[in-house]
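> Take a look at this one; I'll ask things after.
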Amino acid sequence: MSHARQEASRSLDLSRARELLDEVLVGLRDVRDPTVALRALERHLTAALGALYQALSAEGGSEPFHHHARNARGWVVAARRSLKAGSGKDPVVHRHLAAVDEVLRGWKDALHRGPLVPLRLPRPDVHHIPRAQGDEPLLIELPRGPLWPAIVLQWEEPPDAEPLPTEDSLPESPPVTLADLDALLARTRAQARALSAPPPPALNPPAPAPKPRPPVERDALDRAQFGETLRREDVEFGRARSFFEDVAMMSLMRQPDEGDLWSELRPVEERLLARVDGILACGLWVLPELVKLLDERPLPDPEMSWGVVFLHGCLAGEDALHQVERLLRTVGLEAPEVFDATADALAFVPHPGLEGLLRRWWKEEGVPRRLAARVLGRRGLLEGHEALALAWSDSPEWVLEGARALPRVRGALDPRETVRLLRHASEEVVSAAIEALLLRRSAAGLQHAHALLAEGRGDFAGAALWAAVGGGAEVLEDFEGALARERVPPAVVEALGWYGSPRFMEFLLARLGAGHVDAVGALQRLTGASLTDDEPDPDYEKGGEPFGRGFVPPPLELELSVDPKVWAAWWAKHKTRASGTKRYRWGHLWSTQDNLWELEHAPASMRERRIAWHELVARTGATHPFDPQDFVARQQAAINRWREAPEVRHVAAGAWPLSLTR
């Protein structure tokens, strides 16, 4: 044995043994040797880790501690035998075997030393009543025993697999078959659920096995509808599975489509969170069973991946965080749709240890580091220099992650390095740099957007939109120059509606007359006329005429007319009330109330709501955060902060103010 290996063995404690066994468990997906019975090996390792968690949570040196530790070692020995039963040609198997050997060599010393850092489980006061999930994710602190480990293996054992070898360390034991192991595993799981019951019998010497709990039937609830009497386990798992499938489905439903009113999705989110409570009410024993549902999917399932990661991330305790990491290692992050869904789930996970986990992943290579970058960036936990380094990397994927993180970075963001990003070749990076500078009250990014518009590149990095929401009267000439070019991109046309000057009405009418229907959106945003083919000439009460009325939100869910004659006739009738020096929105003088309405009440897309937020930042100088992807309750709280901000009330209506540093 090498000196390094001897040192490793001498320094082994049960916490390190847990880490090594976890590495082997999540590494089973890399095994390519068909002669290794992976399903049986998975059972051995999860049983070993389950017993080890019970030892780590027991008082060191106590009888329960030694009992669970002996039990864990027996399963580790069984895992070693399963690894040894393979052909011996797979280097991954050799690596796993070395890790298992390291655990067994240092086991005796580890027992004497006990856990250097005992497992920290939630231990609330006896009078503590766990809070139910409400309208945003909460950390759930339940007094409980350790969670049973589980992974997504997605591997089918060959039908001609040999029976498991007997455990050589237990010569008095009879040969162990798969059925025996299933029975032992079921018994251990059942006892993990009932903490007040006596501990499970040790593997050495064997105890008479009670009748094992039969496998949970997947269609239990369907059979219940026909009056069949069910076992309690079937009912619990049937309910949990139904709730879990709802969580997966609602992870998609809570994301509004364009035109949906985002706040109406609040009941969806409340039901989603209530399903989390419902799953836990069925018993923590169902959690590994739910994880194994992903094994039944022929392809990676992004919605179920979202659900299983989010569910475990809502549980307090170190073992819950370990389980989140197992899931991240095994759900199949290589599939882009699973990666995106998992990153979205982690953005909302309330576990306080998540940042530490992601920081460890940040030090790795490939997919783990990219996931860490995505989630740390979205949660506002990436440092400024880290996001800047990603944005300047050679990989397009890393550049995109850096750009996404820039507006939300934690701490200082080097202004000179950020301004230098404005010359980046990537549109996403330039747009993110403009936004990041805006949120730090710097006008440098908006000035660059004005320059791009003047150069005829108004569609690059959203330059025309940035100029519209953050430009003043000085940008008028830049827009006029952009419209004089042979080709006017749709992005510039859209920006005219946000800019709000009636001087561009003639251009928009001419564009519509030339068959470009993209002008209708800009016309509507500027005039609020809401013209339809059924009502091309609305009547207005006195004081409610266009361009002279106060704030009035436009009607919703209208199919606007695309007939240029309808819009031209309306403009000819009402244009005398419009001033070329004033800014309009929806047919009245623009004010911050328009932005607040669009954030809160308009059936706007996430993109439009972000633009409305950026306009508030540019025009008021306030930088209160807002995320249109967040849970509805948090978005509403953010909007309320904006509504109460004194800067919002002090902006003159109909003007193009800019409240940023130059």
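The values are calculated or read from the model by the stated rules, or taken from the named source; none is laboratory data. Every value quoted in this text rests on a predicted model; they were computed, and no experiment measured them. Because the Cβ atoms are built from the backbone with ideal geometry, glycine has one as well, and the counts that use them run over all protein chains shown.
> Could you pull out the residue among GLY456, GLY500, GLY470, GLY515 that is among the small types (Gly, Ala, Ser), at positive phi and within 37 Å of the chain's Cα centre (by Cα)? Outline the logic, then answer.
Numbers: GLY456 fails: within 37 Å of the chain's Cα centre (by Cα); GLY470 fails: at positive phi; GLY515 fails: within 37 Å of the chain's Cα centre (by Cα).
Unique residue meeting the criteria: GLY500.
> While we're here: The conditions are (1) among the aliphatic types (A, V, I, L, M); (2) surrounded by 19 or more Cβ atoms within 10 Å (Cβ to Cβ); (3) within 19 Å of the chain's Cα centre (by Cα), and LEU252 fails exactly one of them. Which is it?
(2)
> Taking only segment 333-376 into account, find how many residues are small (Gly, Ala, Ser) and within 13 Å of the chain's Cα centre (by Cα). Step through it out loud before you land on a result.
To start, the set of residues in segment 333-376 that are small (Gly, Ala, Ser) comprises 335, 341, 343, 345, 347, 353, 356, 366, 372-373.
Filter again for within 13 Å of the chain's Cα centre (by Cα), leaving 341, 343, 345, 347, 372-373.
Looking only at that region, the number is 6.
> Tell me, which helices (runs of 4 or more DSSP H) lie completely within segment 465-531 with 1 or more residues that are over 20 Å from SER561 (Cα atoms)?
Values: elements: 476-483, 490-499, 505-513, 519-527.
Where helices (runs of 4 or more DSSP H) fall fully within segment 465-531 and carry at least 1 residues being over 20 Å from SER561 (Cα atoms), they are 476-483, 490-499.
> While we're looking at this one, here's another question. Just checking, does segment 558-574 include any residue being acidic (Asp, Glu), assigned to a helix (DSSP H, G or I) and modelled with pLDDT of 95 or more?
Initial filter on segment 558-574 (acidic (Asp, Glu)): 559, 563.
Now narrow it down to the ones that are assigned to a helix (DSSP H, G or I): none.
The answer is no, given that none of the residues of segment 558-574 is acidic (Asp, Glu), assigned to a helix (DSSP H, G or I) and modelled with pLDDT of 95 or more.
> Would you please list the contacts, defined by Cβ atoms under 7 Å and residues six or more apart or on different chains, that run from a residue in segment 634-662 that is free of Cβ contacts under 8 Å to residues at least 24 places away in the same chain to a residue that is part of a loop (DSSP other than H, G, I, E, B)?
ALA638/HIS624; ALA638/PRO625; ALA638/PHE626; ARG641/HIS624
> Still on this structure, please answer the following. Does segment 339-362 contain at least one residue that is of a type in the set (Lys, Arg) and either outside any helix (DSSP H, G or I) or more than 30 Å from PRO625 (Cβ to Cβ) (or both)?
Here is the first cut: in segment 339-362, the residues of a type in the set (Lys, Arg) are 359-360.
Narrowing the set further to residues that are either outside any helix (DSSP H, G or I) or more than 30 Å from PRO625 (Cβ to Cβ) (or both) leaves none.
Taking every residue of segment 339-362 in turn, none turns out to be of a type in the set (Lys, Arg) and either outside any helix (DSSP H, G or I) or more than 30 Å from PRO625 (Cβ to Cβ) (or both).
> Return only the number of the condition from (1) out of contact with any His (no Cβ under 9 Å at 6 or more places or on another chain); (2) within 23 Å of ASP260 (Cβ to Cβ) that ALA569 does not satisfy.
Unmet condition: (2).
> Moving on to the next point. Among the residues of segment 597-632, write down those that are touching a Lys or Arg at 6+ places or on another chain (Cβ under 7 Å) and either farther than 24 Å from GLY654 by Cα or β-branched (Val, Ile, Thr) (or both).
Let us first name the residues in segment 597-632 that are touching a Lys or Arg at 6+ places or on another chain (Cβ under 7 Å), namely 598-599, 621, 623-624, 628, 632.
Selection gives THR623, PRO628, VAL632.
> Continuing with the same structure: If a residue has to be over 30 Å from PHE547 (Cβ atoms) and in a helix (DSSP H, G or I) to count, how many in segment 607-643 make the cut?
So the answer is 9.
> Another question about this same structure. Is it the case that some residue within segment 388-406 is touching a residue at least 12 places away in the same chain (Cβ under 8 Å), buried (at least 16 other Cβ atoms within 10 Å of the Cβ), over 15 Å from the mean Cα position of the chain (by Cα) and not in a helix (DSSP H, G or I)?
no
> Looking only at segment 109-163, which residues are farther than 20 Å from LEU280 by Cβ, modelled with pLDDT of 80 or more and either in a loop (DSSP other than H, G, I, E, B) or under 24 Å from the mean Cα position of the chain (by Cα) (or both)?
Answer for segment 109-163, where residues must be farther than 20 Å from LEU280 by Cβ, modelled with pLDDT of 80 or more and either in a loop (DSSP other than H, G, I, E, B) or under 24 Å from the mean Cα position of the chain (by Cα) (or both): ILE151, VAL152, LEU153.
> Going by the structure shown, is LEU230 of a type outside the set (Val, Ile, Thr), over 28 Å from GLU325 (Cα atoms) and assigned to a helix (DSSP H, G or I)? Before the answer, list the steps.
Working: of a type outside the set (Val, Ile, Thr): yes; over 28 Å from GLU325 (Cα atoms): yes; assigned to a helix (DSSP H, G or I): no.
For LEU230, the condition - of a type outside the set (Val, Ile, Thr), over 28 Å from GLU325 (Cα atoms) and assigned to a helix (DSSP H, G or I) - is not met.
> Shifting gears a bit: Quickly run through segment 227-273 and pick out the residues that are over 30 Å from LEU596 (Cβ atoms) and aliphatic (A, V, I, L, M).
Filtering segment 227-273 down to residues over 30 Å from LEU596 (Cβ atoms) leaves 227-249.
Listed by number, the residues that qualify are LEU230, VAL235, ALA240, VAL247, ALA248, MET249.
> OK, next. Considering each residue of segment 85-108, count those that are in contact (Cβ under 8 Å) with a residue 24 or more places away in the chain and part of a helix (DSSP H, G or I), and give that number.
11
> Restricting to segment 577-606, and then to whatever is among the aromatic types (Phe, Trp, Tyr) and closer than 22 Å to GLU474 by Cα, can you tell me which residue is farthest from the chain's Cα centre (by Cα)?
Filtering segment 577-606 down to residues among the aromatic types (Phe, Trp, Tyr) leaves 584, 586, 590, 597.
Narrowing the set further to residues that are closer than 22 Å to GLU474 by Cα leaves 584, 590.
Values: TYR584: 38, TRP590: 36 Å.
Checking each candidate, the answer is TYR584.
> Quick test for you: out of ASP246, ASP260, pick the one residue that is in the same structural domain as ALA320 (by TED's automatic domain parsing), within 30 Å of HIS601 (Cβ to Cβ) and in contact (Cβ under 8 Å) with a residue 40 or more places away in the chain.
Working: ASP246 fails: in contact (Cβ under 8 Å) with a residue 40 or more places away in the chain.
Sole residue among the options that is in the same structural domain as ALA320 (by TED's automatic domain parsing), within 30 Å of HIS601 (Cβ to Cβ) and in contact (Cβ under 8 Å) with a residue 40 or more places away in the chain: ASP260.
> Taking LEU589, is it among the aliphatic types (A, V, I, L, M), within 30 Å of SER442 (Cβ to Cβ), modelled with pLDDT of 95 or more and in contact with a Lys or Arg (Cβ under 8 Å, 6 or more places away or on another chain)? It would help to see each step written out before you state the result.
Details: among the aliphatic types (A, V, I, L, M): yes; within 30 Å of SER442 (Cβ to Cβ): yes; modelled with pLDDT of 95 or more: yes; in contact with a Lys or Arg (Cβ under 8 Å, 6 or more places away or on another chain): yes.
Spelling it out, LEU589 is indeed among the aliphatic types (A, V, I, L, M), within 30 Å of SER442 (Cβ to Cβ), modelled with pLDDT of 95 or more and in contact with a Lys or Arg (Cβ under 8 Å, 6 or more places away or on another chain).
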